[in-house]
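Read-outs: derived from the displayed coordinates by stated rules, not from any lab. Note that this is a predicted model, so its numbers are computed, not measured. In this analysis, Cβ positions are derived from the backbone assuming ideal geometry, glycine residues included, and neighbour counts consider all displayed protein chains.
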Amino acid sequence: MAVLYFILFIASFFFYILYKPAFSFYLFAFLLLIPIILFCIGKYMSKRIKVSFVTVQKSASRSSKIPLVLKITNTTRFPAANLIVEIEYFNTLDKKKNTMKINTPVFPEETQYLTLHISGVHYGTIKMEIKRCRIVDMLKLFKFKVKYPPSEKIFKESTFTIVPDYISIDNKIDNYSEMGLETDEYSKTAKGDDPSEIFDIHEYQDGDKISRIHWKLSAKQEKTMVKDYSMPISNSIILVLDLNIENSGDGFLAKYDTLIETAASISNYLIVNETPHKVMWYDSAKNQLVKLNINDEETHRMLVNMLLQTSIYKEKDLSIISYINETERYKCGHLMYFSSSYNPNLTAVMDDNELAFKYSYMLVTEDKSQTPEVYDEFAQVVPIKAGRVAESIQDICF
């Protein structure tokens, strides 16, 4: 359009020189005034058009699409032929920035809503920001920036979280509570295998273990009574996550996704099976070990949100080292350690410090064939192939 206008303007100029009638003058004056009028209108509109995000959904899985809504308000009586909105977005883990452009006309005295459906490739928090807005006149001669006052800049930003998909687990994850755990907390709703605390006593039924018969009470009531043992809450199963993942190469985010998805799936499995547990990880921003008791779906959702907001770090095994250095800790039944790198001495260190009766080293790897062997009855290395969580954990015996 700009090229066409300049052609017409030059043609009207020569037409005015060659021909003296009033029409040629009015035509030339009209074409001369058009840019001035468009400039004034564009400048006026640039201060009275507002573009902002409308938060519709804060989280979603990778398999679903998140509606991203832009609110465009034009308080003037003039339309804008084209509004160009540049949106910058990035995952807070790798901070690799991408840009998308949106072009739309703007109608006078109206509020418009544009809905974009986007999806995340990797887990984590996605930040989006309106970097630049410009309106273009009908002839595409001028571009004007839409400026925001400082008090309204907050509406230019939006965040949403891509949460893990849960993988179903068919095998039983044993809490090894029958080994005798040091704890003062027991479940009031579910029975377990800890003989140090009795959950309930009932009359003998087929399938009950002979070793659990309460002989004294059976003699008094003249019928066979059986003890149900309690389930430890705080120290039956502990999941420890090592968020040291090398931030280089194409496999970085795939390893992060695999580690988070595996831990979240196992935690979800434990909650579904009414097994309270504890999850630990190191928060490098706060420089401390975070410990969270997972007792229900609400605390599990809190766990996932907190994990996805935690930054990765460079030093290896910070979480388990911090736990070992704590003055107060109990020996748990089953410790599951999630890491993307293997430390051959770590299992021995955990055993020397009597952290658990059973150790499962959940190793995120790109090559399952190079999984190291551990010659210990109560320790195992479980290879989790990056990007293939479902097929990696189905055949594992916990």
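Annotations for the structure displayed:
- Nearest-0.05 FRET efficiency for TYR26 and LYS127, computed from C-beta distance (R0 56 Å): 0.55
- Here's how it looks for ILE66: its modeled amide H is under 5 Å from those of ILE118, SER119, which are all 5 or more places away or on a different chain.
- Within the shell defined by Cβ-Cβ distances under 9 Å, the residues around ILE84 carry a net charge of +3, with Lys and Arg each +1 and Asp and Glu each -1.
- Residues VAL349 and THR73, FRET efficiency given R0 of 45 Å [Cβ-Cβ distance, rounded to 0.05]: 0.15
- Unit charges on C-beta of K, R, D, E only; dipole of the range 1-149, Debye: 500 debye
- Length-normalised contact order for the range 255-349 - Cα pairs under 8 Å, 6+ apart - percent: 26 percent
- For the range 281-356, the Stokes-Einstein estimate of translational diffusion at 25 °C and a viscosity of 0.890 mPa s comes to 177 µm²/s, using the Kirkwood hydrodynamic radius over alpha-carbon pairs.
- Over 28 Å (Cα to Cα) - which of LYS172/LYS314; LYS286/LYS358; LYS291/LYS358; LYS278/LYS385; LYS172/LYS223; LYS58/LYS358 fall in this group: LYS172/LYS314; LYS286/LYS358; LYS172/LYS223; LYS58/LYS358
- Rounded FRET efficiency, nearest 0.05, which uses the C-beta distance separating VAL54 from ASP206 and R0 of 56 Å: 0.40
- For the range 104-159, the number of Lys pairs separated by eight or more positions or lying on different chains, with C-alpha atoms closer than 24 Å, is 15.
- Simple label model, 7 Å out from Cα along Cβ direction - ILE36 to LYS172, nm: 9.0 nm
- Residue-span extension gain [LYS140 to GLN288] - 0.36 nm each, minus C-alpha spacing: 47.7 nm
- Estimated inter-spin distance, PHE107 and LYS95, nm [label 7 Å along Cα→Cβ]: 4.3 nm
- Karplus-derived 3J(HN,Hα), 6.51/-1.76/1.60, for each residue of the range 306-311, Hz, glycine and proline x: 5, 5, 6, 9, 8, 7
- Across the range 58-64, coupling constants 3J(HN,Hα) worked out from phi with the 6.51/-1.76/1.60 Karplus curve, θ = phi - 60°, read 9, 8, 6, 8, 5, 7, 10 Hz, and Gly and Pro carry x.
- Stokes-Einstein D in µm²/s, Kirkwood radius over Cα pairs - the range 1-135 at 25 °C with 0.890 mPa s viscosity: 134 µm²/s
- Centre separation in Å (Cα based) which lies between the range 250-324 and the range 107-123: 32 Å
- Size of the range 59-125 as Cα extents on the principal axes (Å, biggest first): 44, 21, 14
- The residue list ILE87, PRO108, SER46 was ranked by how far each Cα lies along the charge dipole of the range 1-144 toward its positive end, using unit charges on Cβ atoms, and ILE87 comes out on top.
- Cut-off 19 Å, label 7 Å out along Cα→Cβ of TYR44, residues of the range 73-97 by amide N: 73-83
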